[in-house]
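The structure appears below as structure tokens.
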Amino acid sequence: MLRAAGVGVGDEVIVPAFGNVEVAEAVTLAGALPVFADIDPLTYCLDVTAVEAAVTARSAAVVVVHRFGRWADVRHLRELGNRHGLLVLEQGESEAPYDEIAQRRERASYLDTKLRGVRTPDGGDGHTYQQYVVRVPGNGRPDRDAFARALRGKGVDCRVPVKTPVHRLPEFRRCVSLPQTEAAADETLALPVDAALTKREMQRIVSACNALGGLLQPAF
């Protein structure tokens, strides 16, 4: 899509660092330079203000990635693109049947009301809960990682959604300030919310999280 739009050598493309490396790789394959902008801490998608701050005379496009079942602020990003003459491309997530989404939302609602000691996701309009991502607050990565290990030890299949932001990877390392991206990478944890989960399994998730929440200290 970038090549078809004429994006190439000498151009910059604004992308998120919180997510898969494939977006930055696609920009590089087109001959352009990926420029990383920070995310909104509620949606985990590109922040409009951060994108505008990243615009330069060489900016040619913005790649908007929707995350975890939440939509980015596409309307305002397109308005920004129109102001600066930027192509705005979207990378979506795989669609799920309506019944499956409804069941995910039901399970997410249960977790929202029962979980303690972790910060539950902001639901927002149209959230499909591709992933149910909580924040383990407090002291950064040692807390989140220890929390995840303890949950797995209790039989809860949790995972870290973004282990390393793209701007930390050797091939894309940049000296750039992305505080929301850094915090999200250190604190986020995806809990099971699949439509197949039984009530007993949901109760086990809640019990395990609530027994651990707020009790873990960083490992030095």
Calculate for the chain the 222 nm mean residue ellipticity that helices alone would give, adding -39,500 (n - 2.57) per DSSP H run of length 4 or more and normalising by residue count, nearest 500 deg cm²/dmol. -11000 deg cm²/dmol
Would the chain count as rounded, prolate or oblate if I go by the C-alpha gyration tensor, calling it rounded below 1.5 in a/c and otherwise prolate when a/b exceeds b/c, oblate otherwise? prolate
Can you tell which of Val55, Gly19, Val9 lies farthest toward the positive end of the dipole of the stretch 8-63, using +1 and -1 charges on the Cβ of basic and acidic side chains (Lys, Arg; Asp, Glu)? Val9
Please list 3J(HN,Hα) in residue order for the stretch 115-130, calculated via the Karplus relation 6.51 cos²θ - 1.76 cosθ + 1.60 where θ = phi - 60°; whole Hz, with x for glycine and proline. 6, 10, x, 10, 8, 6, x, 6, x, x, 6, x, 4, 9, 6, 3
Tell me, in nm to one decimal, what length is gained between Leu29 and Asn82 on full extension, where the rule is 0.36 nm per residue of separation less the Cα-Cα distance? 16.6 nm
Going by the alpha-carbon gyration tensor, a ≥ b ≥ c the square roots of its eigenvalues, is the stretch 12-71 rounded (a/c under 1.5) or, if a/c is not under 1.5, prolate (a/b greater than b/c) versus oblate? oblate
0 to 90° range, to nearest 10: angle between helix 74-84 axis and the chain longest Cα axis: 20
Calculate the dipole size of the stretch 11-121 relative to its Cα centre from +1 charges on Lys and Arg beta carbons and -1 charges on Asp and Glu beta carbons; express the result in debye to the nearest 20. 420
Separation of the Asp157 and Thr49 label points, Cα + 7 Å toward Cβ, nm: 4.0
Please work out how much length the chain gains when fully extended from Ser94 to Val74, using 0.36 nm per residue of separation minus the C-alpha to C-alpha distance, in nm with one decimal. 5.4 nm
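Each value in this text was obtained by applying a stated rule to the coordinates, not by laboratory testing. Small disclaimer: the values here were computed from a predicted structure and weren't measured. A quick note on method: Cβ atoms are made from the backbone with ideal geometry, for glycine too, and the neighbour counts reach across all protein chains shown.
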